[in-house]
Amino acid sequence: MERGRFYWKEARPKDGGRYVIVSHLGARTRELTPKGFNVRTTVHEYGGGDYFVHKQNVYFSNYDDQRLYSQSPGLRPRAITPSGVDLRFADGIVDEGRRRIIIVREDHRVRGRQAVNTIVEIDQAGGGPGEVLVSGNDFYSNPRLDPTGSRLAWLAWNHPNMPWNGTELWVGKLGIDGKIEHKEIVAGGPRESVFQPEWSPDGRLYFVSDRTGWWNLYRQEKGERELEGLHPMEAEFGGPQWAFRPLKYTFEGSDSIVCVYVIEGTSHLGRLDTRTGRLDEVKTPYTDISDVLSWPGYALLVAGSPTEPTSLAVVDLGTGETRVLRTSIRSVVDPGYLSEPEAIRFPTENGREAYAFYYPPRNKDFRAPPGEKPPLVVMSHGGPTSAVTTTLKYTIQFWTGHGLAVADVNYGGSTGYGREYRERLAGNWGVVDVDDCVNAAKFLVRRGDADGKRVAIRGGSAGGYTTMCAVTFRKFFNAGASLFGISDLEGFDETTHKFESRYNQTLLGPYPERKDVYKERSALNYADKVSCPLILFQGLEDKIVPPAQSKKFYEAVKRKGIPTAYVGFKGEQHGFRRAENIKREAELELYFYSRIFGFKPADKIKPMRIENLGRAR
């Protein structure tokens, strides 16, 4: 946001899955990114922080060459970093007084060596690869200048930590030449996750920390070493930093913060008085708010609800009145086709409870035969340090509209429920997540909401890993679908990118010391135990989970004689972005379930070959 003008990024699935920058001023909305450009960085592979704006000048990373570009109003983008070198950039800011950009750089120039991450300065006029300002740690994010330009804050962390395990918040004093003369650590460590440092308009440093077991807001007064908790509560004011530049709070003014906090999987919007610590909830129609910006009296949200897709909305902080500027899905769907979720809490292993959202079948044009219970699709999210929300997702409504029920599971290890819940997966990946998915299904079957003989599990990435473990190590599910899932944990550690290359040390244990655990939890090693039909989908340009993982598992299942299929999509990476592939994946998965569960889809679907189909039970 800049002087009443809003900027955001939008996906274009029908245009090869590229991303563009859009601006809005008054009643006018314009797409700024010309054809031939795709706004997406691959720092950490997951990206985020792809662009930033200063005085209507847009700076962005272009996907095809990963160069940083500058785009002035009315002009074509101009590259400001060199060509022909593998340098990637994210999470930048403009240091106006010194006419430079401060940004995170990921350096892949030396083949065979792991990428090097630093914070660098780049002349706004461009021309060079950047000069290093901060180095020595494995990862960096959130370089932020104070209002005077004399202090720089940033986050840093090292292997084997992920940013939700432990990060450090540093502040450096800048000299006249812009170099760091002195630096000190303000908060954080191996067991404290610090999130989103920001400077207030009056120059005080704010941040989020989970030092109490919950991501809460803190402040450091100017010149003081003591840290002050602003409003301690059992709620999450932060989240897992998979991508750069999350915005969970923003300054309405020096004395007021507009923030997002999550309680048991549901988002709330709050207005925090920084003088008294009082937090007042601002009622909105949204149950999931991912980002927030504000100015006096108003907030701009990226948010959704069970009946509204992810949207860009302006909220009057006094009245709660909401005006939608943009919605991710422009078509209007009759409510008679929409299934609304029920938040469920169910018993799981070791006397614990876990969480999920249950979606019953819903289609106003069809009714199930008397006494027939629906098939159930259990959804296991990726990450695994992540969470599902209740924003309207047509990926879920697709199933409920075709007569299947859905359980969207926030298994142990998910975020939004405090650090203790998040750490249930430590050393137990492939066990706790699988147990919770099984127990969510058992709970719904016992309650009479699903047919216990027609239960499928599906998931992407880490959710695909959970799916493959579930159909291999448990004899409960009747079908499964893995989207770019991990089947070989040892192979994954050897071939994946830097950001996640030590992630498994927390989830499974140190390698090679616990090589036995990696072997025991790799479904590929036990494919002869697969107990139900399985379909696998894979992007053929995936750099995070190599396609060979899905292909090997498919071949092993096929050799066993269990019904299976494998579908590879050209031009897709880790997650499908092209409209035609997103549609085809959903259709083929439905077709697969229909053949296994014995029902006829209402849609006309071009069939596919399913190996060993005559052996389906």
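Some values worked out for this structure:
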{"read-out": "Restricting the stretch 406-428 to residues that are surrounded by 24 or more Cβ atoms within 10 Å (Cβ to Cβ) and farther than 13 Å from Tyr355 by Cβ, the residue that is nearest to the chain's Cα centre (by Cα)", "value": "Leu425"}
{"read-out": "So Gly336, is it of a type in the set (Gly, Ala, Ser) and in a loop (DSSP other than H, G, I, E, B)", "value": "no"}
{"read-out": "One residue from Gly598, Gly575 being at pLDDT below 95 and more than 15 Å from Ala481 (Cα to Cα)", "value": "Gly598"}
{"read-out": "Candidate set: the stretch 539-551, residues that are part of a helix (DSSP H, G or I) and small (Gly, Ala, Ser); chosen: the one surrounded by the fewest Cβ atoms within 10 Å (Cβ to Cβ)", "value": "Ala548"}
{"read-out": "Which listed residue is in the same structural domain as Ser482 (by TED's automatic domain parsing), in contact (Cβ under 8 Å) with a residue 12 or more places away in the chain and surrounded by fewer than 18 Cβ atoms within 10 Å (Cβ to Cβ), from Lys604, Lys600, Lys558, Lys583", "value": "Lys558"}
{"read-out": "Boolean, Pro306 is over 26 Å from Trp199 (Cα atoms), outside the structural domain of Val409 (by TED's automatic domain parsing) and touching a residue at least 40 places away in the same chain (Cβ under 8 Å)", "value": "yes"}
{"read-out": "So Gly485, is it of a type outside the set (Ser, Thr, Tyr), under 30 Å from Tyr591 (Cβ atoms) and under 18 Å from the mean Cα position of the chain (by Cα)", "value": "yes"}
{"read-out": "Residue in the stretch 463-481 that is at negative phi, at pLDDT below 95, part of a helix (DSSP H, G or I) and crowded, with 24+ Cβ neighbours inside 10 Å present", "value": "no"}
{"read-out": "For Tyr554: the one exception among (1) part of a helix (DSSP H, G or I); (2) farther than 21 Å from Gly382 by Cα", "value": "(2)"}
{"read-out": "Any hit, the stretch 28-41, residues being touching a residue at least 40 places away in the same chain (Cβ under 8 Å) and within 30 Å of Trp157 (Cα to Cα)", "value": "yes"}
{"read-out": "Residue list for the stretch 482-538, filter: charged (D, E, K, R) and not in a helix (DSSP H, G or I)", "value": "Asp488, Arg502, Glu513, Arg514, Arg521"}
{"read-out": "Complete set of residues in the stretch 16-49 that are charged (D, E, K, R) and surrounded by 14 or more Cβ atoms within 10 Å (Cβ to Cβ)", "value": "Arg18, Arg40, Glu45"}
{"read-out": "Residue pairs meeting the criteria (Cβ under 6 Å; at least 6 apart or on separate chains; first farther than 14 Å from Arg105 by Cα, in the stretch 55-78; second of a type in the set (A, V, I, L, M) and in a loop (DSSP other than H, G, I, E, B))", "value": "Ser70/Ile80"}
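The values are calculated or read from the model by the stated rules, or taken from the named source; none is laboratory data. In this text, all values refer to a predicted model and were calculated from it rather than measured experimentally. Methodologically, a virtual Cβ is constructed for each residue, glycine included, from the backbone with ideal geometry; neighbour enumeration extends over all protein chains shown.
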